[in-house]
Amino acid sequence: MPRALGGYRRQRRSLRAPSVPLRGVAHRIVHRAGQRGTVWTEIRESGERILCVAGGGEHVERRVQDFLKREARKDLQKASTSYAQALGVKVRRPVDSRSVEPLGILYNR
């Protein structure tokens, strides 16, 4: 992720903000300095998908990284539960929050 976001500070003055993939779809990062909250997604009338980031500009990169990690954990937990159910097993321990390796998931028959 740092490679994808590393140029945010340099690029935010340009005409096009950087974008990041979220569930296979590019989302343009839009800094919303005057709004409260952290990070959320929106779809503009044009159909463009954006990732809105509130707060100071110096925190944009970290907030986007944290958001993407949280979303990845949610997706992994949902997929793990679904596959475990199909196999007739239960997820005994969630994925380690510091890694997204599937080997961190233990199943219990």
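Restricted to the range 15-36, and to residues there that are more than 22 Å from Asp75 (Cα to Cα) and not in a strand (DSSP E or B), the residue that is nearest to the chain's Cα centre (by Cα) is Pro18. Filtering the range 70-93 to residues that are assigned to a helix (DSSP H, G or I) and either surrounded by 15 or more Cβ atoms within 10 Å (Cβ to Cβ) or in contact (Cβ under 8 Å) with a residue 24 or more places away in the chain (or both) leaves Glu71, Ala72, Arg73, Asp75, Leu76, Ser80, Ala84. If you go through the range 29-45 and keep only what is without any contact (Cβ under 8 Å) to a residue 24 or more places away in the chain, in contact with a strand residue (DSSP E or B) (Cβ under 7 Å, 6 or more places away or on another chain) and not charged (D, E, K, R), you end up with Val30, Gln35, Gly37, Trp40, Thr41, Ile43.
Every listed requirement among (1) at pLDDT below 90; (2) crowded, with 16+ Cβ neighbours inside 10 Å is met by Gln35 save one, (2).
The values are calculated or read from the model by the stated rules, or taken from the named source; none is laboratory data. Nothing here was measured: the structure is a model prediction, and the numbers come from that model. For neighbour counting, all protein chains shown are included, and Cβ atoms are generated from backbone atoms with ideal geometry for every residue, glycine included.
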